[in-house]
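Data first, discussion second: the structure below is written as structure tokens.
The values are calculated or read from the model by the stated rules, or taken from the named source; none is laboratory data. Only a predicted model underlies this, so the values are computations on that prediction, with no experimental measurement involved. Using ideal geometry, Cβ is built from the backbone for each residue, glycine included, and neighbour counts are taken over all protein chains shown.
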């Protein structure tokens, strides 16, 4: 059994702060990346990898590991950053992101990078795979858990709702879905494309145990992720986040979905992070 | 078919061999599970469900989730056989097949049931004459079209034992048993069912028995046709196919599929580059009309007489 130490929220926060710097540096070096979504999901990933998930970077295929699926695969830099910080590969390797033949693709590939559970990129793929893994755990009487992170815009893909129905019907109380609710998608606010609301009520109506949480509050996230389960119900956390969180000029702006900062903006962003605790 | 074969030879629905083999394997290996999209009956999984209700995951009419759930079950350490009508499995969930199965190398066995024009009368929405074209371009996915009940059982045993993802294309049209009981299926092997050096007839699945009958008729006019079952679409049996091209100089492919992108195209891609020869591809050239499966094959030029006529034309 994998037995990984859970860090207290204050230490998780410290890791997330470092991850933000790495995200900025990685995207700056590569000249490509989905900076807005990377920064909205950072605290969710940090809370998972440094407190909640059971895994062993030395044995990424350990059969008893918890399964984490990053459905919003375009935020690969955030995933690579948390994986490197957790010890799956050296932090220095982040500089190879999207370089020719790098295993750090623009979207994560499980065959290339051990620790990634399934290749993602096209949206709406992660939750069905998570549902399958959770059913598999139940069939084999395994105690490991399945966690899936989706973007909120991604929920416009119908495959999520196919899987949401199955998850409730199969009583998957070993499955947690975390929605990175940053209220924006590539081109606009979700509200101005196809409204998500009432998002929590929709999952509740589908038979999920649903909670709303501040997606940048590590203690709140950890609390919600580790609270005792309601038997027979999959859990959905609507994590309210801010796209581009942590950098003043990127924060909460639609145009920063995948815009790349200039060298000057990189410096400014890093300076902002240096000046915040 | 417009011959006496149906009256003389026992015909098998390959789904029966599929289901029986799967149950045998499931009895011995608890990791084997099935996934269905409300297709329990048409996939012949009723008996499986009766024996292991918890090991049949029915996700309902939801093909994208069907394939994704299969990938997740494989991730958990199980060996899922994902069963659905081939038209919906491959068409509706193609991106899941690409990303979740082939690219991710998930150990999932995709079973396309009632492929080709098995649902003849239901019309082109339910025909699956594009599935080989769609799946064949995906790297990392083995593709097999078994020719009869014996080979179906062998293919199912092979894919269960392999740790690679596969697409198995199964028809529901009755076919005679063509392979001997001691036949051993291997991926990348195209069995030669009849020797001959004048022309090669290459079929897959339900068209092979027609090719064999056509070869007998051609023999009456002094033409000795080689007959090959191109069971393994990916990987192809390069040696057998290239030898046929070099030794007979004429290849006639026939398939229950569009002439664009299917088995014939796969053979043509290989032969055109390495052993160019005369070729003709028989198959569907447009959305098929409505009609029974056998009639549709006849109508597309794949009656025994139609195959003979095409062979003569190719040899001219």
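Report whether or not residue A:78 is under 19 Å from the mean Cα position of the chain (by Cα), buried (at least 23 other Cβ atoms within 10 Å of the Cβ) and within 12 Å of chain B (Cβ to nearest Cβ).
When the stated conditions are applied, residue A:78 does not pass them.
Evaluate the following for residue B:315: is it modelled with pLDDT of 95 or more and closer than 16 Å to residue B:209 by Cβ?
No; evaluated as a whole, the condition is false for this residue.
From the list B:89, B:22, B:66, which one is modelled with pLDDT of 95 or more, in a helix (DSSP H, G or I) and at the interface with another protein chain (Cβ under 10 Å from one of its Cβ atoms)?
B:66
Just wondering, is there one or more residues in the range B:204-216 that are part of a loop (DSSP other than H, G, I, E, B), touching a helix residue (DSSP H, G or I) at 6+ places or on another chain (Cβ under 6 Å) and in contact (Cβ under 8 Å) with a residue 24 or more places away in the chain?
Scanning the range B:204-216, I find at least one residue that is part of a loop (DSSP other than H, G, I, E, B), touching a helix residue (DSSP H, G or I) at 6+ places or on another chain (Cβ under 6 Å) and in contact (Cβ under 8 Å) with a residue 24 or more places away in the chain, so the answer is yes.
With respect to residue A:108, determine if the residue is within 14 Å of chain B (Cβ to nearest Cβ), surrounded by 24 or more Cβ atoms within 10 Å (Cβ to Cβ), in contact with a strand residue (DSSP E or B) (Cβ under 8 Å, 6 or more places away or on another chain) and assigned to a loop (DSSP other than H, G, I, E, B).
Criteria met by residue A:108.
How many of the residues in the range A:136-146 are outside any helix (DSSP H, G or I) and either within 12 Å of residue B:96 (Cβ to Cβ) or more than 7 Å from every other protein chain (Cβ to nearest Cβ) (or both)?
Adding up the residues that qualify gives 6.
Which residues, taken from the range B:87-99, are surrounded by 24 or more Cβ atoms within 10 Å (Cβ to Cβ) and under 23 Å from residue B:116 (Cα atoms)?
If the condition is that a residue be surrounded by 24 or more Cβ atoms within 10 Å (Cβ to Cβ) and under 23 Å from residue B:116 (Cα atoms), then B:87, B:89, B:90, B:93, B:96, B:97 are the ones that fit.
Does residue A:124 fit the bill of being within 11 Å of chain B (Cβ to nearest Cβ), part of a helix (DSSP H, G or I) and in contact (Cβ under 8 Å) with a residue 24 or more places away in the chain?
It is false that residue A:124 is within 11 Å of chain B (Cβ to nearest Cβ), part of a helix (DSSP H, G or I) and in contact (Cβ under 8 Å) with a residue 24 or more places away in the chain.
Could you go through the range B:126-148 and let me know if any residue there is within 11 Å of chain A (Cβ to nearest Cβ) and buried (at least 24 other Cβ atoms within 10 Å of the Cβ).
Taking every residue of the range B:126-148 in turn, none turns out to be within 11 Å of chain A (Cβ to nearest Cβ) and buried (at least 24 other Cβ atoms within 10 Å of the Cβ).
Given the conditions (1) crowded, with 17+ Cβ neighbours inside 10 Å; (2) more than 18 Å from the chain's Cα centre (by Cα); (3) within 14 Å of another protein chain (Cβ to nearest Cβ), report the number of the one that residue A:133 does not fulfil.
(2)
All but one of (1) in contact with a helix residue (DSSP H, G or I) (Cβ under 9 Å, 6 or more places away or on another chain); (2) more than 9 Å from chain B (Cβ to nearest Cβ); (3) under 25 Å from residue A:83 (Cβ atoms); (4) not in a strand (DSSP E or B) hold for residue A:149; which doesn't?
Residue A:149 satisfies all of (1) in contact with a helix residue (DSSP H, G or I) (Cβ under 9 Å, 6 or more places away or on another chain); (2) more than 9 Å from chain B (Cβ to nearest Cβ); (3) under 25 Å from residue A:83 (Cβ atoms); (4) not in a strand (DSSP E or B) except (4).
Scan the range B:118-174 residue by residue and report those that are assigned to a loop (DSSP other than H, G, I, E, B) and more than 25 Å from residue B:300 (Cα to Cα).
B:138, B:139, B:140, B:141, B:162, B:163, B:164, B:165, listed by residue number.
Here are some conditions: (1) part of a helix (DSSP H, G or I); (2) in contact (Cβ under 8 Å) with a residue 60 or more places away in the chain; (3) surrounded by 22 or more Cβ atoms within 10 Å (Cβ to Cβ). Residue A:69 meets all but one. Which one does it not meet?
Condition (1) is where residue A:69 drops out.
Pull up the range B:31-57, narrow it to residues that are in contact (Cβ under 8 Å) with a residue 24 or more places away in the chain and loosely packed, with under 15 Cβ neighbours inside 10 Å, then point me to the one that is farthest from the other protein chains (Cβ to nearest Cβ).
B:47
Taking residue B:303 as the residue in question, decide whether it is out of contact with any strand residue (DSSP E or B) (no Cβ under 8 Å at 6 or more places or on another chain) and modelled with pLDDT of 95 or more.
Considered against the rule, which asks whether it is out of contact with any strand residue (DSSP E or B) (no Cβ under 8 Å at 6 or more places or on another chain) and modelled with pLDDT of 95 or more, residue B:303 comes out as yes.
Filter the range B:25-42 down to the residues that are out of contact with any helix residue (DSSP H, G or I) (no Cβ under 7 Å at 6 or more places or on another chain) and either in a loop (DSSP other than H, G, I, E, B) or over 30 Å from residue A:61 (Cα atoms) (or both) and list them by number.
Across the range B:25-42, the qualifying residues are B:29, B:30, B:31, B:38, B:39, B:41, B:42.
If I filter the range A:171-184 for residues that are more than 24 Å from residue B:35 (Cα to Cα), surrounded by fewer than 24 Cβ atoms within 10 Å (Cβ to Cβ) and either within 11 Å of another protein chain (Cβ to nearest Cβ) or in contact with a strand residue (DSSP E or B) (Cβ under 8 Å, 6 or more places away or on another chain) (or both), do I get at least one hit?
Within the range A:171-184, one or more residues are more than 24 Å from residue B:35 (Cα to Cα), surrounded by fewer than 24 Cβ atoms within 10 Å (Cβ to Cβ) and either within 11 Å of another protein chain (Cβ to nearest Cβ) or in contact with a strand residue (DSSP E or B) (Cβ under 8 Å, 6 or more places away or on another chain) (or both).
Just to be sure I understand, how many residues within the range B:77-86 are within 8 Å of chain A (Cβ to nearest Cβ) and surrounded by fewer than 24 Cβ atoms within 10 Å (Cβ to Cβ)?
1
Here is a list: B:221, B:265, B:243. Which entry is over 23 Å from residue B:142 (Cβ atoms) and out of contact with any helix residue (DSSP H, G or I) (no Cβ under 6 Å at 6 or more places or on another chain)?
B:221
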